[in-house]
Amino acid sequence: METPRERWIGRDAGPVVRPYAVTRGRTRARGPAVDLVAILVATGRTPGDRVWLSREHRMLLQMCGRPSTPADLASKADLPFRVVQILLADLREYGLIEESDQDRQSERPDPRILMRVLDELRRL
Amino acid sequence: MNFAASDTVPPRDADDDIPLHTLKVLVAGGFGVGKTTLVGTVSEVHPLRTEETLTDASVGVDDLGGVERKTTTTVAMDFGRLTFSGGVRLYLFGTPGQERFWFMWDQIAYGAIGAIVLVDTRRLTTSFASIDFFEQRQIPFIVAANRFDGARPYSVEQIRDALDVDPEVPVMLCDARDRDMARGALVALVEHALQASKV
């Protein structure tokens, strides 16, 4: 599966392809940044004929078959957070993934959820 | 504000693997203060370090000019996770405390429960910038003084005085390597955030 140009030379050396080559040099996402803990899911639409998806795009899209967060996707895909955020913003723009409804569009988390977390943390 | 008792919340989904509610906690503090250790101690997943390669453009230091400046900076971002019932997931993010990385903080801090600011009593000043950051943005935070071998023991009051934080900000002693203490810091933060949300 892996092509030679993506092979790791050594653990410390990092990937041979620089991280932002994956985003074709972009360091910022199109549109608003995808929150690292947003819950994303594939819409099931098929990419249009004019949409070009990289290997990384396709990998992330496939992972979004199950609701996932960018943080988890980055760790699974072994890509930096910002790279994943940029690629996911592309997929969102193409209509291939969407944020699942979560009542966390406010700046502060829901106190009811915090209470549940507190209960469980104390029980751990 | 009324809080629903936790036992009245019906289990949303038997499959806890699917995230339904996600929460963020920041672990902040100066360099070498134990952020990585704390995230690793609390996290159920292996302590992950995501290397973030930042270009000058994204770091925003272009105004410094200079011909010999570095073109990229690599910064490690610690990332941990705790999964609770009902699809609730708590994510911990530890990123460098230097001011030039604050553009990362702003994004991560949005919607976060708050922050655990770790301090090393031998080098309190290294955590001042983090404290300022959260104070200015009115993001709930607690201060956890990480215990280092060979460091003179200070009381919570002494640390509070030295840091000059508001009286309602919890200050506690912590050992980032100790699971219970690290978790205690999380409990203190969530409690503090709940208090703050009532005001």
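Just order A:38-48, B:182-192 by mean Cβ neighbour count inside 10 Å, highest at the front, would you?
Details: A:38-48: 15.6, B:182-192: 20.7.
Highest to lowest by the protection proxy: B:182-192, A:38-48.
In region A:25-95, which chymotrypsin sites (Phe, Trp or Tyr not before Pro) fall in coil by DSSP and have 11 or fewer other Cβ atoms within 10 Å? Before the final figure, lay out the partial values.
Working: sites: A:Trp52, A:Phe81, A:Tyr94; in loops: A:Trp52, A:Tyr94.
Sites meeting the loop and neighbour criteria: A:Trp52.
Between A:Thr69 and A:Leu40, the built amide H atoms are under 5 Å apart, and every one of these is 5 or more places off in sequence or on another chain.
With semi-axes defined as the square roots of five times the eigenvalues of the C-alpha gyration tensor, the equivalent ellipsoid of region A:19-123 measures 28, 15, 13 Å, largest first. Across region B:126-143, coupling constants 3J(HN,Hα) worked out from phi with the 6.51/-1.76/1.60 Karplus curve, θ = phi - 60°, read 5, 9, 4, 4, 5, 4, 4, 3, 6, 4, 4, 9, 6, 9, x, 8, 10, 10 Hz, and Gly and Pro carry x.
Coordinate-derived values only; no laboratory data. What you see is a predicted model; the values in this text were computed from it and never measured. All Cβ positions, even for glycine, are placed from backbone atoms using ideal geometry, and neighbour counts span all protein chains on display.
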